[in-house]
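I have placed the structure first, in the form of structure tokens, so that the comments after it can refer back to it.
The values are calculated or read from the model by the stated rules, or taken from the named source; none is laboratory data. For clarity, every value in this text was computed on a predicted model and none was experimentally measured. Here the Cβ positions follow ideal geometry from the backbone for every residue, glycine too, while neighbour counts run over all protein chains shown. Note: accessible area is taken over every heavy atom of the protein model, side chains too, but ligands, DNA and RNA are not part of it. Shrake-Rupley method; radii C 1.70, N 1.55, O 1.52, S 1.80 Å.
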Amino acid sequence: MRKLFIIENFSDLARRTADSMIAQLGDGFEVSRDDPSGADMVLVFGGDGAFLHGLESWGFPEAPILGINTGHLGFFQELLPEDMDLFKQFCSGEGFTLQPYRLLKAQISSSKGEKEVLAINDFTVRDKGAKVARLSVTIEDKLVERFFGDGFIVASCAGSTAYSYSLGGAIVDPRLESIQLTPMAPINSKALRSFTSSMMFPPTSSITIAPMEDSFDLGVYADGMEVDAGHITGMKFSLSEKRIHVVRKQDYEFWAKVESKFL
Ligand code: NAP
């Protein structure tokens, strides 16, 4: 008996697709929507949003994760609802490869104490209102920049095709396991100077971002979801040792996926 754990977004389409595909699987499968323990495979029905938020709410399960796209873009999703033959094969544990994605980690210091948060794509750091964020950026122990602007996206390779890309960041091959720091609306004037391009860091790096003044209210968002952190005094970003493993077709190729989704 193979155990499948199901995550869906809130759309009718995702629920109906899940019910229909599971019904066609036949015997030999036990399905759960509320207990991921011991699952042989996690199935995510929806788009990238369902993938990111669903996996976060279940603590980033260890089991292989198969995405079925009923959403819009579906960068993490490997199958469409019509791919029933591959769905049966993959659910039986055959015919796929696994793509590991290393998670990003944020260690946040705030009025509420210390907190560690993980993300798949990215962390967004920005003022909660419309004020200029004044941030120091320290790489390892070296102060590299005093930044003035909207804030930063700290992106994993997985997140390089998401928010960071919309801000002009690089698309990064996931095999690099790097961290990308992409500025949001950096100010460059005679008065205030900031780097205007993304910066790339190796997997062992740590990036510390801290407010230079207490006068603004900094927010941090993990994969688009606000972290409940109180008044933030500093954040250290690095790659976590934890990975998720995404089910891919055997002929999966990252750059072919990029071409098909973006051009
Ligand atoms: P969301 O609505 O769940 O996602 C926004 C769009 O980004 C959707 O079209 C989604 O695909 C796509 N997306 C998510 N992860 C992606 C990835 N790794 N590669 C390519 N596209 C990806 O938005 P949310 O809940 O606020 O935040 C989720 C993510 O969206 C964040 O991690 C952030 O990277 C991204 N985001 C982007 C912008 C921007 O580009 N201006 C703004 C806010 C957030 P689906 O259609 O399949 O869901």
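Each distinct pair of alpha carbons in region 2-94 adds a 1/r term; the inverse of their mean, the Kirkwood radius, is 12.9 Å. Using a cutoff of 8 angstrom between alpha carbon atoms and counting only pairs six or more residues apart, the relative contact order for the chain works out to 21 percent.
Sort 36-44, 246-254 by packing, meaning the average of other beta carbons within 10 Å per residue, with the highest value first. Kindly include the intermediate steps, with their values, before the conclusion.
Details: 36-44: 19.6, 246-254: 15.7.
Descending packing order for the listed peptides: 36-44, 246-254.
Once the Cβ-Cβ distance between MET1 and VAL144 is put in as r, and R0 is 45 Å, what FRET efficiency do you end up with, to the nearest 0.05? Could the numbers behind the result be given before it?
Values: r = 54 Å, r/R0 = 1.20.
Given R0 = 45 Å and the Cβ-Cβ separation, E is 0.25.
Close Lys pairs in region 102-242, defined as Cα atoms under 29 Å apart and 8 or more places apart or on different chains, number 25.
Protection proxy ranking for 175-183, 21-29, using the average of other Cβ atoms within 10 Å per residue and placing the highest first: 175-183, 21-29.
In the calculated pair distance distribution of the chain, what percentage of Cα-Cα distances lie above 24 Å? Walk me through the numbers on the way to the answer.
Numbers: 17269 of 34453 pairs.
Summing the P(r) tail past 24 Å for the chain gives 50 percent.
For region 129-176, the alpha carbon convex hull comes to 99 Å³ per residue, rounded to a whole number.
Can you tell me the orientation of helix 12-23 relative to the chain, as the angle in degrees between its alpha-carbon axis and the longest Cα principal axis, to the nearest 10? Approximately 40 degrees, to the nearest 10. Just ASN121, ASN188, ASN69 to compare: in a GNM of the chain, with alpha carbon springs under 10 Å, which one fluctuates most? Highest fluctuation of the listed residues: ASN188.
Overall dimensions of region 161-263, expressed as equivalent-ellipsoid semi-axes from the Cα gyration tensor (√(5λ), whole Å, largest first), are 30, 19, 13. Check the straight Cα-Cα distances from LYS88 and name the lysines below 27 Å, setting aside those fewer than 8 residues away within the same chain. Partners within reach: LYS3, LYS249, LYS257, LYS261.
Taking only the C-alpha atoms of region 57-176, Rg followed by Dmax gives 18.4, 54 Å. At a probe radius of 1.4 angstrom, the accessible area of the chain per residue rounds to 46 square angstrom. Inter-part distance, region 201-263 to region 1-38, computed on C-alpha centroids, equals 29 Å. Taking the protein heavy atoms of the chain in the context of the full set of protein chains, the accessible area attributed to carbon and sulfur is 51 percent at 1.4 Å.
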